[in-house]
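A.B. asks: Shown below is the structure under consideration.
Read the figures in this text as sums done on the coordinates, not as results from a lab. Since the model is a prediction, treat every value here as computed from it, not as a measurement. Cβ placement follows ideal geometry from the backbone for every residue including glycine, while neighbour counts extend to all protein chains displayed.
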Amino acid sequence: MPLWKMAQRLFLNPALAHSIKSLIVPAQPMFTVLVRFRKAHCCQPLYTVQRFSTLPNVRHFSSSLKHRVTFNVQDADDFQERVVASETPVVVDFHAQWCGPCKILAPRLEKMIAKQQGKVLMAKVDIDDHTDLAIEYEVSAVPTVLAIKNGDVVDKFVGLKDEDQLEAFLKKLIGP
């Protein structure tokens, strides 16, 4: 018997039989999940693949409103298009990766803007990447937050603010 015929009998026929059987008798749906384990020692794998007939208790990813109203500015043209020309008021957060207060303010600000349900947008500008924008808007310290409405800067603050101050800042921008 030729070698290719033997290979066909050993490998292809069982595969074809299985695929035909699955067409005739539908199998129970299986879900493949990548599971992460805590590493007990150096030889234990970090991840394993497990198959379940029903989904186990897993976290689901969703796109929340926060991700739709907050965006990173890519360049000066992007800033012009998405901030200056925006019909919706925009809060612009000038920050830097190395700035500690920026890391504290950003989540507070994002949380407050997400509560506004799309009445205001948030643009994030890294001053190290976009020094031209920082100079144009006279940003001398970070964090600096501007409120821009109809292309004009209507309000501004520098430094950390608590949630009550941020809420008052947003109310001035949006109105009652």
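A.B. asks: What full-extension length gain, to one decimal in nm, is calculated for Ala141 and Gln74 as 0.36 nm per residue of separation minus the Cα-Cα distance? Walk me through the numbers before you get to the answer.
C.D. replies: Values: separation 67, 0.36 × 67 = 24.12 nm, distance 2.06 nm.
Between Ala141 and Gln74, full extension yields 22.1 nm more.
A.B. asks: Kindly identify the stretch 70-176 as rounded, prolate or oblate by the Cα gyration tensor criterion: order the square roots of the eigenvalues as a ≥ b ≥ c, call it rounded if a/c is under 1.5, otherwise compare a/b with b/c, prolate if a/b is larger, else oblate.
C.D. replies: Numbers: a/c = 1.62, a/b = 1.11, b/c = 1.46.
Cα axes put the stretch 70-176 in the oblate bin.
A.B. asks: Go through 161-167, 141-147, 115-121 and give me the packing order, highest mean Cβ count within 10 Å leading.
C.D. replies: Values: 161-167: 13.3, 141-147: 20.3, 115-121: 15.4.
Going by the mean number of other Cβ atoms within 10 Å, highest first, we get 141-147, 115-121, 161-167.
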